[in-house]
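These notes are about the structure you will find just below.
The values are calculated or read from the model by the stated rules, or taken from the named source; none is laboratory data. Quick caveat, the model's predicted, so the values are computed rather than measured. Don't worry about glycine lacking a Cβ; one is built from the backbone with ideal geometry, like all the others, and counts go over all protein chains shown. SASA here: full protein model, heavy atoms, side chains in, ligands and nucleic acids out. Shrake-Rupley method; radii C 1.70, N 1.55, O 1.52, S 1.80 Å.
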Amino acid sequence: KKAKPVAKPVAKAEPESQPKRRRTKSFCERQLEASGLTIEDVTATVNSADGSEIQIPTFVRGGYDTTSWVYNLKDDEMLIFYYDLNGDLMRYASRGAVGRQKDYVRVRWSNPDLHKNAKGKGIKYQTPPNAQSKLYFPQLIRTYYQNATPLDTLIIQEGEKKAEKACKHGIPSIAIQGINNIGNKETGVIQDLQYLVQRCQIKKVVLLFDSDWDHLSSSLSANEMVDIRPKSFAGAARKFRTYVESMQNVNVSVS
């Protein structure tokens, strides 16, 4: 008998290649990317709760419950953690909560129009209520301070991302939260600036304004002067000069 032919296996059609689903970038990642920054650029060497050194991004995904002002790492907003010159997480005591310290963390809202100020204007960046104004230090500045590296010029500018971007390109810079947040009448210049100037023997401190100093507000009322912003910026510049000159009282020669 002739052997029956063996049936050849039918070749299976190759499955159509499915395009890989791209991970949706968080609001924080998109914000950093728009400023020419990466998570690595904003990663700092800081002290953990047990005292050991860790590397951690200072900009992370997360949000705030604006009722309790407790932050979380789940919402798709952007949180900015503040660390001092020694690498410790900055903290603050809310009014009426003596001894109860909270982490100093700012938020950048993805939809400012959902968060209005007293004038009904949308808020982009927000600091927890009753938290004092503080300086933001990129890791480059923290390294200079800890190594007592002499610096000729220090730039102070509005915005944490701008300071990080400047430092990325080798321009020593720290951030303030607004043009009037360099100090106050009661305490003068923020103390950390004095410590930084002294330790790094800084000769010049430059306050760099945003380019919107002459922009008219879209919500300008009939009773407001059109030159309110230029006057505000000029006043901030004079106040800044006074604060910097006050460091001569502790034998610091800086201009």
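Structure notes:
- Matching residues in the stretch 154-182 - criterion: being open to solvent by 30 Å² or more (accessible area, probe 1.4 Å), at pLDDT 95 or above and of a type in the set (Asp, Glu): none
- Odd one out for Tyr71 among (1) open to solvent by less than 50 Å² (accessible area, probe 1.4 Å); (2) assigned to a strand (DSSP E or B): (1)
- Among residues of the stretch 119-137, those that are part of a loop (DSSP other than H, G, I, E, B) and closer than 15 Å to Gln177 by Cβ, counted: 12
- Qualifying position, being aromatic (Phe, Trp, Tyr) and modelled with pLDDT of 90 or more, among Tyr195, Tyr243: Tyr195
- Note on the stretch 28-37: residues that are of a type in the set (A, V, I, L, M) and open to solvent by less than 60 Å² (accessible area, probe 1.4 Å) total 2.
- Residues that are crowded, with 17+ Cβ neighbours inside 10 Å and out of contact with any helix residue (DSSP H, G or I) (no Cβ under 6 Å at 6 or more places or on another chain), drawn from the stretch 38-59: Val46
- Check on Thr149, assigned to a helix (DSSP H, G or I), over 14 Å from Thr58 (Cα atoms) and open to solvent by 20 Å² or more (accessible area, probe 1.4 Å): no
- Any hit, the stretch 107-118, residues being open to solvent by less than 50 Å² (accessible area, probe 1.4 Å), part of a loop (DSSP other than H, G, I, E, B) and within 22 Å of Lys25 (Cα to Cα): yes
- Ala131 exposed (fewer than 15 other Cβ atoms within 10 Å of the Cβ), touching a strand residue (DSSP E or B) at 6+ places or on another chain (Cβ under 9 Å), among the aliphatic types (A, V, I, L, M) and free of Cβ contacts under 8 Å to residues at least 40 places away in the same chain: no
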